[in-house]
Amino acid sequence: MATASVPLIAVGAVIFKQNKVLLVKRKNPPAQGMWAIPGGKVQWGETLKQALQREIKEELNIDIEPGRLIKVIEFVPKQENARFHYIILDYLATIIGGEPKAGDDALAVKWFDRKELKKSPVTESTRTLLKEEFGF
């Protein structure tokens, strides 16, 4: 993968059900093998919400209704030769069709309660977002 000369834009869907949050185990870098908010890169010509709906359909095989923007996260590389630099826009979302199952970019999908979240390998940005925005 060639290094981009500008940051990439990505979107994420924060989905709750019965006091649990839906996370995916990432199949690919960055954060490969870690649990994280599902989502992915915005493609040329897509609106942010269209990208979010497409990414969640591909990753979790569900249809969602995007809600309000929750947080903008800057994932800035720490090393000069790092391959990933993202601006991530995380939205609250509601499932409107289907049952979550791991798709193209996910090794697994799981609903986490607060207790499970604390003892699981979750990305720092996911943990921070859930704690700061939802007290989770």
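Here, each number is a calculation from the coordinates, and none is a lab measurement. The structure presented is a predicted model; accordingly, all values stated were derived computationally and were not measured. Because the Cβ atoms are built from the backbone with ideal geometry, glycine has one as well, and the counts that use them run over all protein chains shown.
For the range 1-46, the Kirkwood radius over C-alpha pairs fed into Stokes-Einstein at 4 °C and 1.567 mPa s yields D = 104 µm² per second. In the chain, taking the dipole from charged Cβ atoms about the Cα centre, the farthest positive-side position among V6, H85, L48 is held by H85. About the centre of its Cα atoms, the range 8-134 shows a dipole size close to 480 debye [charges on the beta carbon of Lys, Arg (+1) and Asp, Glu (-1) only; nearest 20 debye].
Here's the picture: charge each Lys and Arg Cβ at +1 and each Asp and Glu Cβ at -1 in the range 8-134, and of G39, N19, I95 the one pushed furthest to the positive end of that dipole is N19.
Scanning the chain for trypsin sites (Lys or Arg not before Pro) in DSSP loops with at most 10 neighbouring Cβ atoms within 10 Å leaves 1-77 as the longest stretch between them. Exposure proxy shown here: for T126, T47, the number of other Cβ atoms within 10 Å sets the order, fewest to most, as T47, T126. Our analysis of the chain gives Rg over Rh at 0.94, with the two radii drawn from alpha carbon positions and Rh computed by the Kirkwood formula.
With both labels modelled 7 Å from their Cα along Cα-to-Cβ, the I87 to Q18 distance reads 3.9 nm.
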